[in-house]
Structure formats: structure tokens, C-alpha cells
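Reading through the C-alpha cells given below for one structure.
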Amino acid sequence: LSGNTRNCFLTGNPDSYRNLIGKGLLDVPHTSGQEVYRNANHGLGRFFSQSSQPLGEKIPPLLVSSVGQPPPHFPAWSIQINRSFHTSPSLQAAPVPLFWIIVKPAQKLFAIILGRSIRNWWKALPPNKRELFKESARKNKWKILLGVSTLGVVFIMFYFTHLEETPITGRARLLVFGKEHFRELSQMEYDMWMEQFRSQMLPETDVRYQVVERVIGHLSESNKDIPQVSALKWVIHVVDEPGVNAFVLPNGQVFVFTGLLDAVSDIHQLSFILGHEIAHAVLEHAVKKASLVHFLDFLSLIFLTMIWAICPRDSLAVVGQWIQSKLQEFIFDRPYSRTLEAEADKVGLQFAAKACVDVRASSVFWQQMELAETIQGQPKLPEWLSTHPSHENRAEHLDRLIPEALKIRESCNCPSLSGPDPRLIFKLNMQHLLESSKGQGPPNSTKQDPSKPKLDFPHT
């Protein structure tokens, strides 16, 4: 990268536990993952050699195809992946303060006991006392309405007095917990992950570790003008695990699985994905997610008490409680999670643009993931059932953001992008693939393992 000699500030639009991926591997249209690192001799070196800020000692570079130019040949693409790719495991994206872990079940238990007690008390009342109670409620309905309204106002005031501005984007966010709680939780969570992956951690001398280290270093160096980026110390951990996954803890601990390194086609895609993960930490999505979930859970205690008080039997109350929890999940929790993912995509793309990455490669990655699932014959579930946007919608969203990212890239004096658009290359390869596959027989007519279908990408 060259020309990135001055700090460029991002333009933000103010309007704008653990669920690891199963054992899976997505081999990119190059060579096998091991050959990428074993035979590397030029790709990453060219990517970093002209950087205005050196990123450390010379390392054997990652062999990648230039996204700006069509590769001479796409060998077989062996695919064996899980149903969906999440760059941020749900537990890691939303850790909670320790006291909440203890108090939350107690709150629900208290609501259930209270509601059930009210129901039993009502059943035990003689008919004449029930009528007296109803008559008293009718006479004091305005007082009851005033009390309920006051409670609603208190919740509204609490919500608006706990809103803060999101860094970079300027979007309003709810913050219930103090950040010091999350720093402590992040350390506990870090210790947990280190204990789990201790035997799978790659050493710092491994070329794959050094690739990730230099990409993270370059992204942080290129965005050091942003206080939230420069304030965190980014520590790299590369896990020898085939799952296509990566995440960043709120304290700057970066975890990347080797399955992700095999899944990306080039250094530009890897830079965008890691920029997306850095954005999660910088935007403090962990605090935002936990705050909203805790606020909604507290509100739901009222409905939970009402359900157990109104339902005539415990079995109906259990069903009502399950329906209430699912409504909260699909109406509030999951849409909000998808919103955070879209926000991280936008800011991560801006981070990559300031690092002079070819931002056009970002949407190609998600198109590749969409293609991989199609080849596997995996059913497409509606997006509203997921905590992440669908691969197709994610690629379309990034395509709409790329023009703005290219302007940011140009304002940072990055070198001009040469060669054809990688999105066009991918589209042409897909068209050629579909045309050539029409004359082929069914998959069972070959000796190939049906669980690992192969595609030969012709020369473009």
C-alpha cells in the first residue's frame, strides 16, 4: 500500500454463549490452505511492501491472487461447510455482567412465583369477595390507569436517560451497564477461550499467524486517528480450527480460525472480515446488545407475571411464557443483532478503505459463501430466523456501500485500483460455470465423494 500518508477521518451517517461454527472447511479457488502458506513468495509482500508504516519483520507472504486482475486458473473448489458463517459468535458478541448471570434467573423465578400466587389467591376468594374486588377496581380505574401510566413514563425516562452516541456512526444506543464491568468480563471470557484452545494456538513463528498480525497491524495503523481504535491493544490469536470463524473480544483480543484463512480468496477479503470484527469492538456492540437484552428482559417480567396470573393452569402458563420469549426474540433480539452486523459491515468497510484495501472484494466473499451453501444443497431459511443477515443481502448491502468506501479510499491518497472489478470476474466465472455444467451428468455419475463436491473454475 502506498500513499496513505495522512490520517483520514471516517464520514459517519448519524441516521445510518457461544455458538461456534461446526467443523467445516471452505477451500478457496486457489490451492489448498497449506499450499497457500507453504508456497507463498510474493502476494502479501506486494500488498504491504509500499506501506508508509512498516508492519514488522519480513515474513513469508501469503500467496493471493490480485483482486484487480483475473487469476489464470481456478482449480477445484472443495467445499464442506456448516449451514451459516458467523464472524461473531453470539456469546462473544454479547457478554453480560456477572451479577446479571446470577440475578436474571432469580428475576424470572420471582415473576413466576408472584404470578402463580396471584392466581391461587384469586381462585381461593369467595364469589362475593371477587365481586367486591371487581367493583372496587371499576371505581378506581382512573387511579389504576394513572399508576400504570406512571410506571410506563418511568421506563421511558430510564430509556432516554441512558442513551449515548455510538462512536463513528453517531447513532443513538442504549447503555445500561458500565464499561468497567465488560472489561472484567472480557478478561474472564479471554481466559475461558485460552483454556479451550490452548493446544490449538499457532505460534508467532507460523506464517499464518504473521499474516493475521500484519493485516490487523495495518488496519489499526491506518485508522489510528480514531480514538477508539488507538485506545485498544490488539492481541492476535490464530486457532488451528477448520471452522470458518473469527471474533474480537471487547478488550481487543483477536481470535481467527485457520478455517477462515482457507475460506478467503485473497488478502483483501481477509482485511475486510477482520475490519468488520474490529468494528464490533470499536462500536462496543457487546455493551449495546447486553444493555438492550437486559432492558427487554426486565420489561418482560411484567408480562411474565401477568401470564402466570391469568392462565388457569400451569401448563398453559408454560406455553404462554414460551410464546412470549419467542416473540421477544424474533421481534427485538434478532433484528437488533442483524442491525449491529450491518453497522459493523459498514464501519469495517470504511476501516478497510482507509487501509487502501480493494473494498470491492468484500461483497465477493459473501457471494462465495452463498455459492458454497447452494452447492451443498443446504436449505435457505428466512433471514428473520437468523441473528445475521443472509449472505445474499449482505453482499447487496456492501455493494451499495462500496461507492462511498471508494471515495474514502481515494481521499486517503491510496493507489488507483487496476484491473477489472473482482465482482465482474466472479459473475463471469459463475456464468461460465453454469453454462459448462449444463452438459454434465448428475453428481452420482462420478467417483467423487458427494459430501465434497468439486467445481472447476475455467480460465477467465
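The values are calculated or read from the model by the stated rules, or taken from the named source; none is laboratory data. Nothing here was measured: the structure is a model prediction, and the numbers come from that model. Cβ placement follows ideal geometry from the backbone for every residue including glycine, while neighbour counts extend to all protein chains displayed. Ligands, DNA and RNA are excluded from the accessible area calculation, which covers all protein heavy atoms including side chains. Shrake-Rupley method; radii C 1.70, N 1.55, O 1.52, S 1.80 Å.
Estimate the FRET efficiency between residue 114 and residue 424 by the formula 1/(1 + (r/R0)^6), using the beta-carbon distance for r and 60 Å for R0, to the nearest 0.05. Once rounded, the FRET efficiency stands at 0.45. What's the local net charge at residue 311, with K and R +1, D and E -1, over the other residues with C-beta under 10 Å away? Local net charge: +2. The residues of the stretch 174-434 expose on average 38 square angstrom of accessible surface per residue, using a 1.4 Å probe on protein heavy atoms.
As a fraction of the 1.4 Å probe accessible area of the stretch 174-434, surface on carbon and sulfur atoms comes out at 60 percent. The charge dipole of the stretch 174-434, taken about its Cα centre with unit charges on the Cβ atoms of Lys, Arg (+1), Asp and Glu (-1) only, comes to about 520 debye. Here the stretch 178-261 is treated as a sphere whose radius is the Kirkwood value from Cα pairs; by Stokes-Einstein at 4 °C and 1.567 mPa s it diffuses with a coefficient of 96 µm²/s. Annotation: peptides 411-418, 383-390, 153-160, ranked by per-residue average of other Cβ atoms within 10 Å with the highest first, follow the order 383-390, 411-418, 153-160.
Here the label points at residue 329 and residue 205, each 7 Å from Cα along the C-beta direction, are separated by 4.8 nm in the simple model. What the Cα atoms of the stretch 262-306 give is an Rg and a Dmax of 17.9, 55 Å. Taking 7 Å steps out from each Cα toward its Cβ at residue 315 and residue 162 produces label points 3.8 nm apart. Considering only 349, 269, 222, the residue lying farthest towards the positive end of the dipole of the stretch 174-434 is 349, judged by Cα position with unit charges set on Cβ. Treating r as the C-beta distance of residue 130 and residue 194 and R0 as 41 Å, the FRET efficiency rounds to 0.10.
Each peptide in 332-340, 263-271 receives the mean, over its residues, of other Cβ atoms within 10 Å, and ordering these scores from highest gives 263-271, 332-340.
Under the combined filter of DSSP loop state and at most 12 neighbouring Cβ atoms within 10 Å, the stretch 123-217 retains these GluC sites (Glu not before Pro): 204.
Distance cut-off 30 Å, Cα to Cα: go down the list 129/326; 108/134; 326/427; 346/438 and report the pairs above it. Display every interim value, and only then the final one.
On the way: 129/326 37 Å; 108/134 28 Å; 326/427 39 Å; 346/438 38 Å.
The pairs that break the limit, which is 30 Å between Cα atoms, are 129/326; 326/427; 346/438.
Structural descriptor for the stretch 332-438: relative contact order 40 percent, calculated from alpha carbon pairs under 8 angstrom and at least 6 residues apart. Here the stretch 174-434 yields Rg over Rh of 1.02, to two decimals, using C-alpha coordinates and the Kirkwood radius. Taking the DSSP beta bridges with both ends in the stretch 174-434, the antiparallel portion is around 45 percent. Taking 0.36 nm per residue of separation and subtracting the Cα-Cα distance, full extension of the segment from residue 434 to residue 339 would add 30.8 nm. With the charge dipole of the stretch 174-434 set up from +1 on Lys and Arg Cβ and -1 on Asp and Glu Cβ about the Cα centre, the Cα lying farthest toward the positive end among the listed residues 335, 422, 361 is that of 335.
Look at the dipole of the stretch 168-231 built from charges on Cβ: of 172, 203, 190, the Cα furthest out on the positive end belongs to 172.
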